[in-house]
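The values are calculated or read from the model by the stated rules, or taken from the named source; none is laboratory data. All of these numbers come straight from a predicted model, not from anything done at the bench. So basically every Cβ, Gly included, is an ideal-geometry build from the backbone, and we count neighbours across all protein chains shown. What goes into the accessible areas is simple: the full protein's heavy atoms, side chains included, and nothing from ligands, DNA or RNA. Shrake-Rupley method; radii C 1.70, N 1.55, O 1.52, S 1.80 Å.
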Amino acid sequence: MHTVLSSASKTVVIGDDQPFCIIGERINPTGRKKFQEQLRTGDLSAIETDVAAQVAGGAMVLDVNMGVPLTDEAELLSKAVTLVQSLTDLPICIDSSVVEALEAGLAAYQGKALVNSVTVEDERMELILPLVKRHDAAIIALPNDETEIPIDPVRRVELTKKFVDIATTKYGIDIENIVIDPLAMPIGADSLHANRTMDAIWMIHQEIGVNMTLGASNVSFGMPDRHTLGAVFLPMAMRAGLTSAIMDARTPNVVSAVKGADLMLGHDEWGATWIQLHRSRLNAETAPAASATA
């Protein structure tokens, strides 16, 4: 099953027979006090640095979030989407919990976007899914509802099936445009959380077949050496059926782990991407030495 995203000039395909889709997460003010202050004054210049870093790190799609308290998020998101599209041809994941901001971001976007996100709550689905359908976008859905964020993988699968049924039959969303976030919970809270998430990924992959994504850093929250944990978790999740992740593309060891898993899973013909990644890093390492001796 292929989820196709596009900008005005570039298409990215997400699927279990495709290279793993790295969705760069950096364009987000959460936890970034200075960036928040800049956005409150209307200064979007830091986005240029963030875009460049995520693209250089290997991002294939860019998540754009402008959720800053005491601002007009709809206006900020619209401007940010326009700015990002002027800087790169990568497709965008438009990320907001505010429906008006999603609408503004989608209206400004050129191409087919990914929307992040909706839950299996009737009120949220009624607000967001008609908007997604109208703009022919794809949607990330989380399998939790009004009553629970389920721990049990079986319950996550049940809620995924419920969402897919409602989205496709009631709102006319093509199943290919549904991407499920199987809920990555921190192993610092419970060491079995990662296993539960991978169980959910495997069952959703086998029983429903939709594409999946998750916030990769959620798994290691509160633990030391988080990048190493991400580099371990993602290849395991890929083998279970995960086809994309929202992650920081500036983390070379995590990106390398993903690219290595692509090669091992047969998603990198003749290892071309792996070899290119290796050569580009060798060039980056030797460039400073060459400059110093010139």
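Computed values, structure above
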quantity	calculated
Lone unmet requirement of (1) of a type outside the set (Lys, Arg); (2) closer than 20 Å to Ile27 by Cα; (3) at pLDDT 95 or above for Phe221	(3)
Elements of type helices (runs of 4 or more DSSP H) in region 200-294, at least 3 residues being more than 26 Å from Ile92 (Cα to Cα) and open to solvent by 70 Å² or more (accessible area, probe 1.4 Å)	272-293
Neighbours by Cβ (under 7 Å, 6+ apart or cross-chain): first from region 98-127, among the acidic types (Asp, Glu); second open to solvent by 30 Å² or more (accessible area, probe 1.4 Å) and part of a loop (DSSP other than H, G, I, E, B)	Glu121/Glu146
Close pairs from region 216-234: first under 15 Å from Asn195 (Cα atoms), partner among the polar types (S, T, N, Q) and open to solvent by less than 10 Å² (accessible area, probe 1.4 Å), Cβ under 6 Å, at least 6 apart	Leu229/Ser220; Gly230/Ser220
